[in-house]
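Chemist: Quick one: this structure, given as structure tokens, is what I'll be asking you about.
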């Protein structure tokens, strides 16, 4: 029987998350300058902003799928091994680990003298990791090649293709422009230069593991049509001081360079109805610094393989013999060739309806006669729907958000959201932006109902920032 220590499965299961980088509270919140990062074609009710360095935008998002932590560690009298086995069978290849973090290093913007264009410039650091749940591999780790009752299954093949993961730590320098074309339409674009710090990925793997009886009626374990690739960049140094030094150097336009673009628009159908949309991170990064690519391809057969936890005195010889057999049968290749990765493409869209009293009017390009000196109007209340999609390693993830925003006073605006996706239908979020003179502070939090029972929460996300805003 093939088997692995069960704690590996525990570590994976409690890490399953559904972070999606969906910033539904920030999107369309035009009083916050960082909303331009979600839609470069957003309208801007200010003439200049300066983000507080390292504090203008701090974002983190994470969670657990299917309340797994609560189920695993709940005090219900059920043995933890029983619960773990149930969860491993319950998950499928559509579940995935995904963690995202973003930090604004600096962010500034200003309105040009032509009164039509708003220019924004900044730099942020982002970390993103995604790994899909390899169900067959997890079952093989936990139960070995048995039916769960200790009986070896000769007819079952374990698929290795579900092993898919990718992680990046990058720095992004960006310059954007939002231009009001006329009294109805505002469009925008943002150019990006990516600087890759670290990358690790393994995609498009294939192969199966199965067991059969050989001619001597002994068990024979087969790895068939195995073809796997692991790529990494930035991990060749082992000394912590050197690794950190390289990370800081690569953060600001290091050896791994990429280009990207964001596009967006806002269109006022009527004075109180508008539609908007954006397409973010259409781009790539070319990794060439400290690159290592491992490729393994071939078939592997081993006879009479028992437990993978041999007696201590036999451990070294056991693994040495197994490694020698593997190396003799399977082709391996190590290279240092440059490789390219695409950024995860994100799509946003929204329809807004404003009502109540008009709380603010602001003009852009009043000197331009084609605008007829019309002003953009903000209403005290706004409701609408937002759509979001991100293209992951094998499929897009989609979310729908209903929102209500209100200008509570001259200095405070709040937004509440209800978001539904394929994982949860109870994500209620709250955000606010407060203005004290030229000082702006904002904060958002997702899944507020989950904070009362953090172990049962399916998703937790928050963002915070401070800016100086002029001429609102």
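The values are calculated or read from the model by the stated rules, or taken from the named source; none is laboratory data. Note that the structure is predicted; figures quoted are calculated from it, not measured. Cβ coordinates were reconstructed from backbone atoms using ideal geometry, including for glycine residues, and neighbour counts include every protein chain displayed.
Chemist: Anything in the range 110-149 that is in contact with a helix residue (DSSP H, G or I) (Cβ under 7 Å, 6 or more places away or on another chain), more than 26 Å from residue 169 (Cβ to Cβ) and modelled with pLDDT of 90 or more? List them, or say none.
Modeler: none
Chemist: Separate question: Could you tell me whether residue 106 is farther than 21 Å from residue 392 by Cβ, touching a strand residue (DSSP E or B) at 6+ places or on another chain (Cβ under 8 Å), at pLDDT 75 or above and surrounded by fewer than 22 Cβ atoms within 10 Å (Cβ to Cβ)?
Modeler: Spelling it out, residue 106 is indeed farther than 21 Å from residue 392 by Cβ, touching a strand residue (DSSP E or B) at 6+ places or on another chain (Cβ under 8 Å), at pLDDT 75 or above and surrounded by fewer than 22 Cβ atoms within 10 Å (Cβ to Cβ).
Chemist: Within the bounds of the range 293-316, is there any residue that is loosely packed, with under 14 Cβ neighbours inside 10 Å, assigned to a strand (DSSP E or B) and modelled with pLDDT under 75?
Modeler: Looking through the range 293-316, at least one residue is loosely packed, with under 14 Cβ neighbours inside 10 Å, assigned to a strand (DSSP E or B) and modelled with pLDDT under 75.
Chemist: Could we say that residue 2 is at pLDDT below 50 and surrounded by 20 or more Cβ atoms within 10 Å (Cβ to Cβ) here?
Modeler: yes
Chemist: So which of 440, 427 ends up being at pLDDT 75 or above, more than 17 Å from residue 29 (Cα to Cα) and surrounded by 15 or more Cβ atoms within 10 Å (Cβ to Cβ)?
Modeler: Being at pLDDT 75 or above, more than 17 Å from residue 29 (Cα to Cα) and surrounded by 15 or more Cβ atoms within 10 Å (Cβ to Cβ) holds for just one of 440, 427, which is 427.
Chemist: Kindly check whether there is at least one residue in the range 269-278 that is part of a loop (DSSP other than H, G, I, E, B), modelled with pLDDT of 75 or more and either in contact with a strand residue (DSSP E or B) (Cβ under 7 Å, 6 or more places away or on another chain) or under 30 Å from residue 37 (Cβ atoms) (or both).
Modeler: yes
Chemist: Among 45, 53, which is the only one that is modelled with pLDDT under 90, part of a loop (DSSP other than H, G, I, E, B), within 30 Å of residue 470 (Cβ to Cβ) and touching a strand residue (DSSP E or B) at 6+ places or on another chain (Cβ under 9 Å)?
Modeler: Result: 45 is the single residue among 45, 53 that is modelled with pLDDT under 90, part of a loop (DSSP other than H, G, I, E, B), within 30 Å of residue 470 (Cβ to Cβ) and touching a strand residue (DSSP E or B) at 6+ places or on another chain (Cβ under 9 Å).
Chemist: Could you tell me whether the range 352-372 includes any residue that is modelled with pLDDT of 80 or more, crowded, with 16+ Cβ neighbours inside 10 Å, touching a strand residue (DSSP E or B) at 6+ places or on another chain (Cβ under 7 Å) and part of a strand (DSSP E or B)?
Modeler: yes
Chemist: What number of residues within the range 198-252 are surrounded by fewer than 16 Cβ atoms within 10 Å (Cβ to Cβ) and modelled with pLDDT under 75?
Modeler: Residues that pass the stated criteria total 19.
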